[in-house]
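Step one of this worksheet: look at the structure below.
The values are calculated or read from the model by the stated rules, or taken from the named source; none is laboratory data. Here the structure is a predicted model, which is why all the values come from computation and not from measurement. Note that each Cβ is placed from the backbone with ideal geometry, even for glycine, and that neighbours are counted across all protein chains shown. Note: accessible area is taken over every heavy atom of the protein model, side chains too, but ligands, DNA and RNA are not part of it. Shrake-Rupley method; radii C 1.70, N 1.55, O 1.52, S 1.80 Å.
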Amino acid sequence: MIRNIIFDFGNVLFDLDLGAFEREMINLLGDKLDPVKDNLLRDGVFERYETGGLSTEEFLGKICDAAQRMATFDATTLAPVQVKAAWNAIFIGMPRHRFEMLLRLRQRYKVFLLSNINELHERWIAEYMLLEHQLPDYESLYFDGVYFSHLIRLRKPTQAAFEYVLADAEILPEETVFFDDLPENVEAAERVGILGIWHEPGTEIEDRLIQMELLI
């Protein structure tokens, strides 16, 4: 029997355009983007930022520094404010009917959020929720618990991230279902005994919940 539902945030509840960051960075760096990105990936910059190992200022600075190390690129044209705008370009929005869906689900289940998210993106979403939906406290209104990777310092697809949520929320894996848009995260959830469901980006999560008879 399912008693608990854990949602990923991006492209499950909150619509994203994940390619937007790279497109914006191409506009800034041109053909130098690939070597700059390779440098950042080798240093684990994105993962470290997502798990709270880098401050926002350090993260933006490392991207600017990586560009500066490209001898043929004039890094004076790349400022942290430009990187921040590109980084936040991925967001589309969260339609009102999904908030109503969450309230309906909370009448029957405990509902949680587990997201690989960094400080800049958390701030952007909080501002969006306030300005677009007049929700200063969306986390407590719509979820029994919220777990952001940069705060718990664990990220999917590590099993430790799921084990942390299970222990902190005091819920059982066999009574829990998890929805995510990335198959590797679904597989990690299943390894700890959670029912993992892959959600195809661009489809409606409410339809899937109705299909599974979780939402009536």
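Those helices (runs of 4 or more DSSP H) of segment 116-216 in which 2 or more residues are among the hydroxyl-bearing types (Ser, Thr, Tyr) and either within 18 Å of the chain's Cα centre (by Cα) or at pLDDT 95 or above (or both) occupy 138-142. Apart from one condition, Phe21 fits all of (1) under 23 Å from His150 (Cβ atoms); (2) surrounded by fewer than 18 Cβ atoms within 10 Å (Cβ to Cβ); (3) without any contact (Cβ under 8 Å) to a residue 24 or more places away in the chain; the exception is (3). A Cβ distance below 7 Å, combined with a sequence gap of six or more or placement on separate chains, defines the contacts here; from segment 86-115, residues that are within 16 Å of Leu135 (Cα to Cα) and of a type outside the set (Asp, Glu) reach residues that are open to solvent by less than 10 Å² (accessible area, probe 1.4 Å) and part of a strand (DSSP E or B) in the pairs Met94/Phe14; Leu102/Val111. I want to confirm something. Restricting to segment 172-196 and keeping residues that are over 21 Å from Asn11 (Cβ atoms) and either touching a helix residue (DSSP H, G or I) at 6+ places or on another chain (Cβ under 8 Å) or without any contact (Cβ under 8 Å) to a residue 40 or more places away in the chain (or both), which single residue is surrounded by the most Cβ atoms within 10 Å (Cβ to Cβ)? The qualifying residue surrounded by the most Cβ atoms within 10 Å (Cβ to Cβ) is Pro173. Residues that are farther than 26 Å from Glu139 by Cα, open to solvent by less than 50 Å² (accessible area, probe 1.4 Å) and not small (Gly, Ala, Ser): does segment 75-98 have at least one? Checked segment 75-98: at least one residue is farther than 26 Å from Glu139 by Cα, open to solvent by less than 50 Å² (accessible area, probe 1.4 Å) and not small (Gly, Ala, Ser).
Here the helices (runs of 4 or more DSSP H) wholly within segment 28-86 that include at least 1 residues being in contact with a Leu (Cβ under 7 Å, 6 or more places away or on another chain) and either at pLDDT 95 or above or within 22 Å of Phe148 (Cα to Cα) (or both) are 45-50, 56-68.
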